[in-house]
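Chemist: Before I ask anything, here is the structure I am working with.
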Amino acid sequence: MRFSVICPTYNRGPAIAATVESVMAQSLRDWELLVVSDASDDDTDEVVAGFARADDRVRFIRTHRHGHPSGPRNIGLAEARGEYVAYLDHDDRWAPEHLAVLARALEGERFAATGATRVDAAGNVLHVTPPLTLCWHPELQVMNAIFQPSQVAHVAGLAESVGGWRTSESGLEDWDLWLRLTDAGVRCRTAAEPTVIELVDPSTRQSRVTARHGWEVARFPDGRAARAAYRSLKDTRRVDAARSALETDLRAWYAALVESGLLVIPRGWRADAQEVDQALREAVAAAPIGGRELWPDLAIVPREDHVALVHLISCVTQEHADRIGTLNRRIMRHQLEMYADVLT
């Protein structure tokens, strides 16, 4: 078996049929699909069982209620028989060439991911991942989740070697796993093709992820001083300066990533350092910096002995947020100089 596809599900009902059918339509035929029902109490199980009766490559597994996709994914890993493991969320779909693209990307590698097209519930395209956002480097993986589970595949046994999928109330357990793989020295190969159709909808679990951790920008003796600094930093008259500082910092950072020799350029995007730099310029120009979007993750957080300005981060642990803060203090040199000018 070339690929074991793990699809955790809960109360998806007949809508899961489109997800299963997208696997059955793969041009690469050597796969098994493990649909792990997290004790669904609607007709999800019956729908999947019907596919399993029609095609023995579809395997239906029912488990006790976990209330989180990590448990079903770990059960799927234990049952997987393939050379590679790919993940598919129950509200996403794959283009027919998805597994074939992953197979090529995994040649000589242990971990790979493709691009995605994000759609709303009506099927309207909201976003297609640009090649720049599929560049991979250990520092990029610290700073960003980069991939959703439906985009990813790895060699069998790799996830278990770093502890498997972990449960987190804050969500983003995928980012947690990708980061543990990175810390274990695993390199990721990416492909520019957007072979995944990912649902973006208020009803999805991803849309309910909240930021529970963060890194401190500044400390103040009381809330009044913190609020004054917050208002000053949020002043929309600073938008142009903020955009300029952001572009300067990002271009310098990516230039260093290219220089390190560890930056992975997605297959299908034959970019050199100059093209990466130009893509960065375009990304910053399109970034929603302005009005309420000026540092949107900045918050006032009371502490025991002070009041802090904190950049909130949707990640699993405070240790990870601290790592992001450490990297940001190195990367955001011009932005932090701007902070310092305001705060003094």
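The values are calculated or read from the model by the stated rules, or taken from the named source; none is laboratory data. Keep in mind it's a predicted model, so treat the numbers as computed, not measured. These accessible areas exclude ligands, DNA and RNA; they are computed on the full protein's heavy atoms, side chains included. Shrake-Rupley method; radii C 1.70, N 1.55, O 1.52, S 1.80 Å.
Chemist: Averaged per residue, what accessible area in Å² does the range 47-129 show with a 1.4 Å probe, protein chains only?
Modeler: For the range 47-129, the solvent-accessible area averages 43 Å² per residue.
Chemist: Roughly speaking, to the nearest percent, how much of the chain's 1.4 Å accessible area is carbon and sulfur?
Modeler: Of the solvent-accessible surface of the chain, carbon and sulfur hold 50 percent.
Chemist: Taking the alpha-carbon centroid of each part, what is the distance from the range 103-141 to the range 224-263 in angstrom?
Modeler: 25 Å
Chemist: Okay, next question. First check a/c for the chain, with a ≥ b ≥ c the square roots of the eigenvalues of its C-alpha gyration tensor; if it is under 1.5, answer rounded, and if not, answer prolate when a/b is larger than b/c or oblate otherwise.
Modeler: Here the chain falls in the prolate category.
Chemist: Just how far, in whole angstrom, is the range 322-344 from the range 36-74 if you go by their alpha carbon centroids?
Modeler: Rounded to whole Å, the Cα centres lie 47 Å apart.
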